1. Please report the equivalent ellipsoid semi-axes of the range 307-357, computed as sqrt(5 x eigenvalue) of the Cα gyration tensor, largest first, in whole Å.
2. Taking every DSSP beta bridge with both residues inside the range 55-258, roughly what % is antiparallel (nearest 5)?
3. Sticking with the crude label model, points 7 Å out along Cα→Cβ, report the distance from R222 to A57 in nm, one decimal please.
4. Taking +1 at the Cβ of each Lys and Arg and -1 at the Cβ of each Asp and Glu, which of P140, L202, G184 sits farthest along the dipole of the chain towards its positive end, judged by Cα position relative to the Cα centre?
5. Between V330 and N35, what is the label-point separation in nm under the 7 Å Cα-to-beta-carbon projection?
6. Can you give me the relative contact order of the chain as a percent, contacts being Cα pairs under 8 Å and 6 or more apart?
7. Can you give the three extents of the C-alpha atoms in the range 55-258 along their principal axes, from longest to shortest, in whole Å?
8. About the Cα centre, and with charges only on the beta carbon of Lys, Arg (+1) and Asp, Glu (-1), how big is the dipole of the range 55-258? Nearest 20 debye, please.
Amino acid sequence: MGNGSGTAQGNTRARFEQWARNPLCQANTLSAVHNVRMADVARHLGYRPSFGQSVFALTRGNNFERQILRDEGARLLEELIRTDVLPEGAKGLADLRVRMNGGPLPSLEEAIEATKGLLGALADPSGPGSPPRPAIIASPTVLIPKGVMLPEAVLILDVLAVRYDRGRPELTVGEIKTYPDRGGHTDPHQLAGARAQAGIYLHALELLLAELGCGDRVRLRRTGCLVLTRPGSNFPSVRAGEDLRYQTERARRGFELLEAAARGLAPFESPGDDPIDAVARAETEYSEACLRFCDRASQCHAAALEAGNPAVLGDEVRRFLGEVDLGRAVALLNGGDPRTAGERDLLRRLRRAGSTAHP
Ligand code: SF4
């Protein structure tokens, strides 16, 4: 949430999610890999961008985070103990936020080093000095090396809860969101989005612990927690026990695929090539998902409609029609003769569907 999500670095997660929503679109892949905002591309093409987080939402997010982390994380700690993410008596906050996000650290580089140092010390409490034992780590920051996601990327987690009463230190990923927890009525799309983000963070932590060589001395829980708001207040409501196994695997696989897609991209034509123009020129592949995330959706939808692309009626219709465009599908429905093997196959399936509907 708040942790730098409004900064260029914090956009790493958003760029990954953007790519994952339509990985077949070359323009989208180019935009995600090279960090070229699609809003800028839309403006370049003369369209008004239709997405983007409002300043109000960002401010609200930052305020909520500050409230729950102040006084050594008192409000958050109480909820984490109530939901048994942390044991009774847990205390201590390690604040790794950078100054622009309300923390003490001057830069992301310092936050990356401090995160490594802290996790290393948790894994090796016999090191020099008294071992740190914070119950909450705010904004641990992970550098994903080049070669896992191109280019090298920084991920800032929201919070980690740490417990020490089960042998090895045990880490639970927490994702902070400002929308209210309405129990069984919380928006399922918002919850799915929050779990997907937490899965990316869990995967990033796996990579970091492996890099530090302490994966066997620190336990990373496969379940995470979502920190939402109590309706109408700035107090947190924690949803514990969120299963993140699928989302972590999705992130691992997605990073690999994005990497492969990035390698397959044609480079910009010359060092002076304008990246925004390069994304604007790249091939597009409209899909239903575009309407939910991309600033060029209305333009690409109009172009797809013009071309008779069945995706304008949704991905199910596109799958059903295969290579046949909308114009030809209508002609077949009106009794036209099929011209290709694909059209003959579609006609067979249409007739079968018709006879099932009217036995
Ligand atoms: S709206 Fe256009 S540019 Fe954006 S992802 Fe979809 S097809 Fe690609």
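1. Computed over the range 307-357, the values are 16, 14, 10 Å.
2. Details: 18 of 28 bridges.
In the range 55-258, DSSP labels about 65 percent of beta bridges as antiparallel.
3. 3.2
4. In the chain, that residue is G184.
5. 4.6
6. After rounding, I find 19 percent.
7. 45, 42, 33
8. Working: 27 positive and 26 negative charges, 65 e Å.
So the magnitude is around 320 debye.
The values are calculated or read from the model by the stated rules, or taken from the named source; none is laboratory data. Just so you know, these numbers come straight off a predicted model, no measurement behind them. Virtual Cβ from ideal backbone geometry, glycine too; neighbours counted across all protein chains shown. Note: areas computed on protein heavy atoms with side chains; ligands, DNA, RNA excluded. Shrake-Rupley method; radii C 1.70, N 1.55, O 1.52, S 1.80 Å.
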